[in-house]
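Visitor: After the structure tokens below, expect a handful of questions from me.
The values are calculated or read from the model by the stated rules, or taken from the named source; none is laboratory data. All figures in this text were calculated on a predicted structure; none of them were measured in a lab. What goes into the accessible areas is simple: the full protein's heavy atoms, side chains included, and nothing from ligands, DNA or RNA. Shrake-Rupley method; radii C 1.70, N 1.55, O 1.52, S 1.80 Å.
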Amino acid sequence: MMVVDGTKKKLKTVKKLGRMRCTNCGHDVEASLTKEAGYFDICFIPVFPHLGYKIILCPNCGIMKKLTNEEFKELKDN
């Protein structure tokens, strides 16, 4: 019998997007294109990956704007 103990999430910066105006706080910030990776863990050992989100992260207010796969690819390739 296997018991899933919990989940862990990690943010991985894919690309720095440069100066952008945050739609939430209105500040000009150095935004980054980020992937959220998550794992289910058993006894604090990450075992099963699960799909996370593709986001733009504002370092000032911490807001995360979820992106579609198409939006993510377009921003990554530019």
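Visitor: Based on the alpha-carbon gyration tensor of the chain and its eigenvalue square roots a ≥ b ≥ c, which shape applies: rounded if a/c is under 1.5, prolate if not and a/b is larger than b/c, or oblate?
Guide: Judged from the Cα gyration tensor, the chain comes out prolate (a/c at least 1.5, a/b above b/c).
Visitor: Given a 1.4 Å probe, how much area per residue of the chain is accessible, in Å²?
Guide: I get 76 Å² per residue for the chain.
Visitor: Roughly how many percent of the accessible protein surface of the chain is carbon and sulfur, given a 1.4 Å probe and a whole-percent answer?
Guide: Heavy-atom surface of the chain belonging to carbon and sulfur, 1.4 Å probe: 56 percent.
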